[in-house]
Amino acid sequence: MPAWSPTPPRFAVAPFENRSNVRAFDWLVAGAPFEVGEKTEAVLGLEPTGGALQVGGLAVEPEVAPVAAFAAGHAAGFVITGWVDRPNWQLRIGLALWKVTGPAAVVAAEAQRTGDLKAYHQLLGEALGEVWSKGAGIAIDDAHARALQRALAVDLYAVTLMGRGLGHLVGALPPTTPPPVHPAGSAGSGSASGPAVQVDLKAAEHDLERAVFIDPRCFEAQRLLGELYRGAAPGDPRAAARALAKFNYANDLAPDDIASLRAAATGAAEAGKHELALELFRRLVIRRPWDLDARYELGAALWRTGDPAGAQKQLEQVTAHRPDHLAARRVLVLIHASRSDTPRLVAELEAIAARAPDDLETKADLASAYAALARWDRAIAELEAIARARPTDLALHVRIGDTHRRHDDLDGALAWYARAGRLAPESSWPGVAAAQALFDAGKLTEAGRAYVALQRYRDDLPAAEHALGVIALIQHRADDAAWYLRRAAKDAPRSAPTWRALIAAELARRDAATAARDAAAALPSWPRDAQLHYLAGVAHAMLGDRGEARAALAAAADADPSLAAPRAGLGALDAGAAVSLQFTPELVRPWGDAEAIGQALDRYAAVAQAMADARARYQRGLLALLGALGRGPHAPARAEPVRRCPIAQIAGTWAQAQRELDAIVRLGVDLETTWRFIARHDEAGATAGLLPNARTQIGAARKSYKRALADLGELRAEWGRALGPELAAAGCTDRLLAAAAADPTRYRVPEEDQPEAIPTTQPPRPRARATFYVDNSRCHDPVEVWIDGAQLGQVAAGRRSALVADGGERTLCLLVPGAAQCGDRGTVREVYLHDGWSVTMNCLN
C-alpha cells in the first residue's frame, strides 16, 4: 500500500445560476456543477469537497465575500461558479474559477461557450478545460480534453432527468410538492453549512429512476439513485441493500470511476461485507493515497477481517496526519486492547479524552486501562468524574468501591458501597461487595454481620448461607458451619465449593461417616474434582478404611498434581499415621469486580473448548457405531444388513461415547453456571469496567452459549433417534452392551476378527447411445448441432436428419446463421436424450 502523500488542490462547486428564465434549463442548476465536480476529480485528479453528490442546495452569489465563505466552509482553495443562458434558443454556459486565500477570493479565469443544446457536454468540457488551464496552470492535452467533453449518456434526455433529480435531491430546485421538509444533507447532499433547504425525495426518485430506465449504462445516474435510496431511509437494511446494488452496478459499469468505487466501498462497509469493502478500499487508497477517510475505512476493514498489524499501520497514518480523527483512534484502542498492550492503550485513550472531554465512555475505558496498570489514583479520579455526571449509576458506584478496595482503601470502598446501597436498596450487589471486602480484609465478625443482613435477598440466600458457614468454619465453630452449609447445599446443589466446605465442616465435627456420604453424593457430578477426592480420602482414613482412603487420595493427586495435601495424606498413610485435614474453604461470590468477570470469561472459554473436544470425540464414536451397523458415512462399501449384534466390535466404542456424552452434560452445567455469572453482571452494567476486547468476548460468549444449548439437544437426538433404532434392529440392548464393555473377553466372537474382503472394483459401464432427430425441413438455412460444447454435426436446409450421441441429461446447442456462439439468446437448452427424441426448427419466412 502506498504511504500517505500530500493532498492535491481542493475545489468546491457551487450550484449554477439559471439566467434563461425558463424551467427547461433548471436541470443545469445542479446537473452542470455535478458534472464539473465529477470530471475535475476523475480527469484532472483534484480533490472535490462537495461530498458524494458534489453540489449542495444553497445558492452562492458570485461575489468575493460569499465565495470566500463558501470556500472556508469546504476547506477548498478553488471554487467554481457558473451560469447558463438561452440566447437565440441556444445554450450558453459561463464558468468562473475563483482562487481563494483566506478571506480573499479573486477570479482566476473565466470561460464561456455557446452552441446547440445537443453539444452540451462539449461546451461544458471546453469551458472547464479553459478555466483550469488559465486559472490553475493545469496542462490540458487532447486526451484530457476528450475526457472532459465525454457524454454521460447516449441520450441527453437521461442527463437532463439526472440533473433535475439531483436538483430535487439536494434542494437546489424548488419542491414539486408541499412539505415534508428535510434538512439539507439528509440524503447526502454535501451542501455547506447554513439554513435548511427543502428537498423533494419523491420527485428526485421519479426523475432518477426514469434516467436509469432511459440509459441503464449511465453509471453516474445509477450511483445517484443509490445515494437517494441510502439517504432516504437511513438505517433501513432493505434500503441499504438497494443502494449497495446500485453502487455495485455503477462500479461494474465504470471500474475506473473514483466516485463509483468510493460509493461501492462505503456501501459494502455499511452492509457489513468487510471482505468486499477491504478490497474496494484497498483499490481506492492505491489511487488516492492522500484520502485519509478511505485509509481509515481500509484500516477498519483490515481490523474486522483479522489483520490487526495491517490495520494499525494504516490507522496510525490517519492519526499522524489528522490527530482529531477519533474514529481511527477508537479502532486503535481495540487493536491495542486485543494485544494486551496496555501502555499504548492508555496513550490512545488519553488522546481521545483530550479531544473529547465529555465522552464518558472513553473515561470509563481509560479508568479500566489505568486499573490494568495498577494506577489506582488515576482510575479513581476518572471514575469519580463520571459519577459527578451520572449520580444515579449503581454499577458505577460499585465499580468505584471496587477500585478503592483494590487500592487498599477499605474505608473508601465501604463508603462507596454504602452510597450504592442507598441508590438501589432492592439490589444485593452493594451489600455483597461490602461483605466480600470485609471477608478479604480478615474482618470476619463484621463480614458475618453483613452476610446475616444479606439473607433477606432470596436469590443470593445460598451464597449468604455458604459465606456464614465458611466464616464459622474458619472461626472453628464446626457445628454452626455444618448447619449453614447443609442449608446452602440444599438450596444450591450445583455448587462445588459448597459441597467441599460442607464435607470439611463434617470432618471438623469428627462426623466422618456423614462426610463420606456427602462426598459420595458430590463426586458423580464432579468426578475429576481433586479436593472432593481428597476430602473423601480423609473421611475414609478417619473411618479406618485405609484402602479406600489411599484410592481417593491417589485420585486427588492424579486430578491435580500441584495439590500438596493429597501427597501429604498418602505419606501419612504410608507411615501409619493419622491423616490430618488441610483445607481452606472457598467463598462463593455471586458478585465480583472486573477482574472476577475477566476470570469468568477465561473459565468460560476453557469450558467451551473442553466441550468442543468432547463433542468431537463423541461424534467420532457415534459415526463409528453407525458404521459398524452398516449405516452412515463410515459404513463399509456394499455393506450387507447387520442381522446380529457385533458386540465385541462396538461395546467399547458405545461405552466411550456414553462417557463423552455424560462429560458434555457435566461441562454444560459448568458452562451454564459461568455464563449466568457473566450475564448477571452484563445485565447490571458491571461489564463497563472491562477493556474493549473483553466486552467483545462477552458478545461472542452470548452467541456460543445459545449454540451450546441447541447443541446438547441435537446430540441427545442423534443418540436416541439415529443410533437407538439401529442398535435395537441389530439386537444390541443397553444391558448387553454395558456387560460387554465391563468384560470384553466374554463377548468376543472369533469370526469378527477375520479381515473384511476387499471388494473388486468394477469398471464403469459405458453410457447408452441414443438416436435423436433434428427437423430442419421448414428452414432455408443449415443448422449446426452441438452437444455438451462439442460439435456433433450439421443438418442441411429443408432436411430432417438423425444424429447419435450419449443418452441422458445433455446440453443441446443449435446454431443458425447469425448466432456467434453457444450461449446466445435462444441457442441453448437442457434436454434428456433418448431414442426417438426429436426437435423441430421453426423459421420465419
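What order, most packed first, do the peptides 314-327, 24-37, 811-824 have when packing is the mean number of other Cβ atoms within 10 Å of each residue?
Details: 314-327: 17.8, 24-37: 24.9, 811-824: 14.1.
So the peptides 314-327, 24-37, 811-824, ranked by packing, come out 24-37, 314-327, 811-824.
Ignoring ligands, DNA and RNA, what accessible area per residue does the range 634-723 give at 1.4 Å, in Å²? Show your work: numbers first, answer last.
Numbers: 4950 Å² over 90 residues.
Roughly 55 Å² per residue, with all protein chains present.
Order of 707-714, 169-176, 456-463, 208-215 by packing, highest average Cβ count within 10 Å first? Walk me through the intermediate numbers first.
Working: 707-714: 13.2, 169-176: 23.9, 456-463: 16.6, 208-215: 20.2.
The most tightly packed comes first, giving 169-176, 208-215, 456-463, 707-714.
Tell me whether the range 679-736 comes out rounded, prolate or oblate; compute the Cα gyration tensor, take square roots of the eigenvalues as a ≥ b ≥ c, and use a/c under 1.5 as the rounded threshold.
Values: a/c = 5.66, a/b = 4.61, b/c = 1.23.
Cα axes put the range 679-736 in the prolate bin.
Mind checking the range 803-845 for trypsin sites (Lys or Arg not before Pro) that DSSP puts in a loop (not H, G, I, E or B) and that have at most 13 other Cβ atoms within 10 Å?
On the way: sites: 810, 825, 829; in loops: 825.
Counting only loop positions with at most 13 other Cβ atoms within 10 Å, the trypsin sites (Lys or Arg not before Pro) in the range 803-845 are 825.
How big is the range 88-135 along each principal axis, measuring the range of its Cα positions in Å and listing the largest first?
Taking max minus min along each principal axis of the Cα atoms, the range 88-135 gives 39, 20, 11 Å.
Over every pair of different alpha-carbon atoms in the range 470-594, take the mean of 1/r and invert it; report that Kirkwood radius in Å. Present the calculation step by step, with values, prior to reporting the outcome.
Numbers: mean 1/r = 0.0692 Å⁻¹.
Computed over the range 470-594, the radius equals 14.5 Å.
Give me the percent of accessible area attributable to carbon and sulfur for the chain, probe 1.4 angstrom. Mind dumping the intermediate values first?
Values: 21330 of 41200 Å².
In the chain, the share of accessible area belonging to carbon and sulfur is 52 percent.
Just to be sure I understand: if I project the alpha-carbon convex hull of the range 705-845 onto a plane and average over all orientations, what area do I get in nm²? All intermediate terms of the calculation are to be shown ahead of the outcome.
On the way: hull surface 73.8 nm².
Averaging across all directions leaves 18.4 nm² for the Cα convex hull.
Dividing the alpha-carbon radius of gyration of the range 582-731 by 2.2 N^0.38 Å (N being the number of residues), what value is obtained?
Cα-based Rg divided by the globular estimate yields 1.39.
How big is the accessible area of residue 99 in square angstrom, nearest 10, if you roll a 1.4 angstrom probe over the protein chains?
We get 100 Å² for residue 99.
Based on the Cα coordinates of the range 547-638, what is the per residue volume of their convex hull in Å³? Mind showing how you got there, number by number?
Values: hull volume 17.4 nm³, N = 92.
It comes to 189 Å³ per residue, whole-number rounded.
What value in Å³ per residue do you get for the convex hull of the alpha-carbon atoms in the range 1-103? Mind dumping the intermediate values first?
Values: hull volume 11.3 nm³, N = 103.
Taking only Cα atoms, the range 1-103 has a hull volume of 110 Å³ per residue.
Be a star and scan the range 342-356 for residues whose amide nitrogen sits under 18 Å from the point 7 Å along the Cα-to-Cβ vector of residue 374.
In the range 342-356, the label zone of residue 374 (backbone N under 18 Å from the point 7 Å along Cα→Cβ) covers 342-344, 346.
List the extent of the Cα atoms of the chain along each of their three principal axes, largest first, rounded to whole Å.
120, 88, 48
Mind checking the angle between helix 444-453 and the chain's longest principal axis? C-alpha axes, 0 to 90 degrees, to the nearest 10.
The answer is roughly 70 degrees.
Which of the three applies to the range 280-363, rounded, prolate or oblate, going by the alpha-carbon gyration tensor with a ≥ b ≥ c and a/c under 1.5 meaning rounded? If you can, show how the numbers build up before the last one.
Numbers: a/c = 2.40, a/b = 1.50, b/c = 1.60.
Verdict is oblate for the range 280-363.
With axes computed from alpha carbons, what is the tilt in degrees of helix 27-39 against the longest principal axis of the chain, rounded to the nearest 10 within 0 to 90?
For helix 27-39, the angle is close to 70 degrees.
Considering the options 685, 658, 614, tell which one lies farthest towards the positive end of the dipole of the chain, charges being +1 on Lys and Arg and -1 on Asp and Glu at the Cβ, about the Cα centre.
Looking along the dipole axis, the top candidate is 658.
To the nearest 500 deg cm²/dmol, what mean residue ellipticity at 222 nm is calculated for the chain from DSSP H runs of n ≥ 4 alone, each contributing -39,500 (n - 2.57), summed and divided by the residues? Could the numbers behind the result be given before it?
Working: 32 runs with 470 residues, N = 845.
When only DSSP H runs of four or more count, the value is -18000 deg cm²/dmol.
Using the heavy atoms of the protein chains and a 1.4 angstrom probe, tell me the accessible area per residue for the range 223-369 in square angstrom.
Numbers: 6040 Å² over 147 residues.
It amounts to 41 Å² per residue over the range 223-369.
Between 0 and 90 degrees, rounded to the nearest ten: what's the tilt of helix 274-287 against the longest Cα principal axis of the chain?
Once rounded, the angle reads 50 degrees.
Average projected area of the Cα convex hull of the range 80-166, in nm²? Working shown, then result.
Details: hull surface 27.0 nm².
That works out to 6.7 nm², a quarter of the Cα hull's surface.
Along each of the three principal axes of the Cα atoms of the range 48-106, give the extent in whole Å, ordering the values from largest to smallest.
Principal extents (largest minus smallest coordinate, Cα): 40, 27, 16 Å.
Quick one: compute the contact order of the range 1-69, relative version, from alpha carbon pairs under 8 angstrom and 6+ residues apart, as a percent.
Values: 72 pairs, mean separation 26.9, N = 69.
RCO, the range 1-69: 39 percent.
Please label the shape of the range 400-465 as rounded, prolate or oblate, based on the square roots a ≥ b ≥ c of the eigenvalues of the alpha-carbon gyration tensor (a/c under 1.5 means rounded; beyond that, a/b larger than b/c means prolate, else oblate). Could the numbers behind the result be given before it?
Numbers: a/c = 2.28, a/b = 1.28, b/c = 1.77.
The shape class here is oblate.
Counting pairs of alpha carbon atoms under 8 Å apart in space and at least six apart in sequence, what relative contact order in percent does the chain give? Write out the running numbers ahead of the final one.
On the way: 1355 pairs, mean separation 46.8, N = 845.
The value is 6 percent.
Can you pull the one-decimal nm distance between simple spin-label points at residue 662 and residue 595, each 7 Å off the Cα toward Cβ?
About 3.8 nm separates the two model spin labels.
At 7 Å along Cα-to-Cβ for each site, give me the label-to-label distance between residue 548 and residue 21 in nm.
Going from the residue 548 label point to the residue 21 one covers 11.3 nm.
Rolling a 1.4 angstrom probe over the protein heavy atoms, how many square angstrom per residue are accessible across the range 377-489?
Details: 5160 Å² over 113 residues.
Averaged over the residues of the range 377-489, the accessible area is 46 Å².
Between the range 395-419 and the range 613-681, what's the alpha-carbon centroid distance in Å?
Using only Cα atoms to place each centre, the spacing works out to 49 Å.
Once Rh is set to the Kirkwood radius over Cα pairs, what Stokes-Einstein translational diffusion coefficient, in µm²/s, holds for the range 368-410 at a temperature of 37 °C and a viscosity of 0.692 mPa s?
Working: Rh = 10.2 Å.
The Stokes-Einstein estimate is 321 µm²/s.
To the nearest 0.05, how large is the calculated FRET efficiency for residue 669 and residue 809 if R₀ is 56 Å and r is the Cβ-Cβ distance? Each step should come with its number before you reach the end.
Working: r = 54 Å, r/R0 = 0.96.
Once the sixth-power term is evaluated, E becomes 0.55.
Please state, rounded to one decimal and in Å, the Kirkwood hydrodynamic radius that the range 306-426 gives when every pair of distinct Cα atoms enters the mean of 1/r. Mind dumping the intermediate values first?
Values: mean 1/r = 0.0649 Å⁻¹.
The Cα-based Kirkwood calculation yields 15.4 Å.
Using the Cα centre as the reference, give the magnitude of the dipole from point charges on the C-beta atoms of the chain (Lys, Arg: +1; Asp, Glu: -1; all else neutral), rounded to the nearest 20 debye. Write down the numbers at each step before the final one.
On the way: 95 positive and 100 negative charges, 228 e Å.
Using Cβ point charges on Lys, Arg, Asp and Glu, the chain gives about 1100 debye.
Give me Rg/Rg_expected for the range 33-76, where Rg uses Cα atoms only and Rg_expected = 2.2 N^0.38 Å with N residues.
Ratio of Cα Rg to 2.2 N^0.38 Å: 1.18.
Please sort 739-746, 236-243, 223-230 by packing, taking for each peptide the average over its residues of neighbouring beta carbons within 10 angstrom, highest first. It would help to have the intermediate numbers written out before the result.
Values: 739-746: 13.6, 236-243: 15.6, 223-230: 27.6.
With the highest mean Cβ count within 10 Å placed first, the list reads 223-230, 236-243, 739-746.
To the nearest Å, what is the center-to-center distance of the range 134-164 and the range 288-330, using C-alpha atoms only?
The two parts, judged by their Cα centres, are 34 Å apart.
When the convex hull of the C-alpha atoms of the range 354-492 is computed, what volume per residue in Å³ does it have? List each step's numbers first, then the result.
On the way: hull volume 15.3 nm³, N = 139.
Value for the range 354-492: 110 Å³ per residue.
Distance check, please: which entries in 490/706; 39/246; 99/246; 246/273 exceed 24 angstrom between their Cα atoms? Don't jump to the answer; show the numbers that get you there.
Working: 490/706 28 Å; 39/246 20 Å; 99/246 36 Å; 246/273 15 Å.
The answer is 490/706; 99/246.
The values are calculated or read from the model by the stated rules, or taken from the named source; none is laboratory data. Please read all numbers here as calculations on a predicted model, not as lab measurements. Cβ coordinates were reconstructed from backbone atoms using ideal geometry, including for glycine residues, and neighbour counts include every protein chain displayed. We work out accessible area using only protein heavy atoms, side chains counted, and drop any ligands, DNA or RNA first. Shrake-Rupley method; radii C 1.70, N 1.55, O 1.52, S 1.80 Å.
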